[in-house]
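These notes are about the structure you will find just below.
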Amino acid sequence: MTNSKVDPRLIHLNYIRILKAYLNVSDDFLNDPKEIQGFNLGTKSESGFNIDEKLLRFRIFIRLTGIDKDQNNIGVEGEYVIEYLYEIENMEDFISYSDKPKKKEEFNVATDIGATIAGISYSTARGIVLDRTLGTDFNGVLLPVINPSELLEVDTYTQEDKTP
């Protein structure tokens, strides 16, 4: 892994796919609707790499739970899974191989490219979720700004198991 800086001109977003997008309302909420005062947010991500083709698949998982002013769940939930496929022209600059790999193709990915991809993906997801929740009981959810590094799991990726 060289000391390369992320060059946005070398990152290409090939596609965005919404794999899951739904809202669920409980029977209790249907029978006695309450105004949503806020929401609890859960996020996670997963990545897959095809180093030979310079591809990175990034999935973001978002779970929303509507709450009242006392922070109680009121029976409105949403879940979104969004997949992105990036081509990174200089991907090899961000890859390092373990001295003692557990598997033949085990490698690590530099945090700076991971955080960049997470940031692009989460920012895009914010717009998608806002659009998808307008006109619902959530009345448009504007996800908070976060540190994109929080979406990344400290992990070692295996090319054969995590190919897009």
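The table below lists the values:
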{"item": "In Hz, Karplus ³J(HN,Hα) per residue of region 39-52 (6.51, -1.76, 1.60; θ = phi - 60°; x = Gly, Pro)", "result": "8, 8, 10, x, 9, 7, 8, 8, 10, x, 10, 10, 5, 4"}
{"item": "For region 27-114: span of alpha carbons on each principal axis (Å, largest first)", "result": "58, 25, 22"}
{"item": "Acute angle (nearest 10 degrees) that the helix 111-133 long axis makes with the longest principal axis of the chain, alpha-carbon atoms", "result": "30"}
{"item": "Note, ³J(HN,Hα) from phi for region 89-97, Karplus 6.51, -1.76, 1.60, rounded to Hz, x at Gly and Pro", "result": "4, 10, 3, 4, 5, 10, 10, 9, 9"}
{"item": "Backbone HN-Hα couplings from phi across region 18-30 [Karplus 6.51/-1.76/1.60, Hz, Gly and Pro as x]", "result": "8, 8, 8, 8, 8, 10, 10, 10, 6, 4, 4, 5, 4"}
{"item": "Radius of gyration and Dmax over the Cα atoms of the chain, both given in Å", "result": "18.6, 60"}
{"item": "Normalised contact order of the chain, rounded percent, pairs of Cα under 8 Å and 6 or more residues apart", "result": "28"}
{"item": "Least to most buried among L30, L10 (fewest other Cβ within 10 Å first)", "result": "L30, L10"}
{"item": "Excluding exposed DSSP-loop trypsin sites (Lys or Arg not before Pro) (at most 16 other C-beta within 10 Å), longest clean stretch of the chain", "result": "105-161"}
{"item": "Burial ordering of Y80, Y97, fewest other beta-carbon atoms within 10 Å first", "result": "Y97, Y80"}
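Read-outs: derived from the displayed coordinates by stated rules, not from any lab. Here the structure is a predicted model, which means the values were calculated and not measured. All Cβ positions, glycine included, derive from the backbone under ideal geometry; neighbour counts span all protein chains shown.
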